[in-house]
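No lab work stands behind these numbers, since they all come straight from the coordinates. Since this is a predicted model, take the numbers as computed values, not measurements. Glycine gets a Cβ as well: all are built from the backbone with ideal geometry, and neighbour counts include every protein chain shown.
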Amino acid sequence: MNWRERWHAHMAASMEHELFVPLYRTRARRRLLVATGATGLLVMWADAVVSWYIAPSETAVTVNFVLLAVALVCYLPAVTTLNAATRGLASLPERHLDERQVVERLRAYTGANTLMRLILTVVAALVLAAMWGDGPAAGVPGAAVALGLIAVWLTHLVLPLLVAGWRLPDPPPDEPDEPDGPQDTGEGTGSV
């Protein structure tokens, strides 16, 4: 077994850990995790916008590090837990997934692709509008470009996981064990 197969086997096993289960047990909790992960991505986008307007300066460096810390605090726990909730649907190779997961992965990738096209269209329109003419926004700082590219890359990377986490249904409720014979509930026995 090569290192890649060992890594995927380790990742598949770590997604079965019981530590994460209370965090993603219900659809509402998973959607809260999706919102938290999306917030981390939005903070990365905000970091690029802030850099556009205030870079290069000492204030820009401080604001960049603060926003990066906030983004990581939101992003990392949410993405880690969503990976466990979806059992690696968006991160494991297809051979490690069952048929249902493969179908759900295709649905998540289709939805994420549609959302990513919309995001890129809006971003391109906003950048072109901001750079129109010879105003102060015409000269884009390198930090804003770098942070914008990182935000685009992270969004593209994580959007299928967020879509899958949002769409994931609750598991069916556990059925209570039924005894073999009829149960006496004590009703209608009329003992005197």
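Observations, loosely collected:
- Once the Cβ-Cβ distance of ALA129 and ALA46 is raised to the sixth power relative to R0 = 22 Å, the FRET efficiency obtained is 0.80.
- Among LEU126, VAL103, LEU68 the positive-end extreme of the charge dipole of the stretch 66-135 (Cβ point charges): VAL103
- Separation of the THR62 and THR26 label points, Cα + 7 Å toward Cβ, nm: 4.2 nm
- A Förster radius of 22 Å combined with the Cβ-Cβ distance from ARG100 to LEU76 puts the calculated FRET efficiency at roughly 0.20.
- Residue ranges 50-60, 83-93 sort as 83-93, 50-60 when ordered by packing (mean number of other C-beta atoms within 10 Å per residue, highest first).
- Anisotropy class of the stretch 40-135 from Cα gyration tensor, a/c 1.5 cut: oblate
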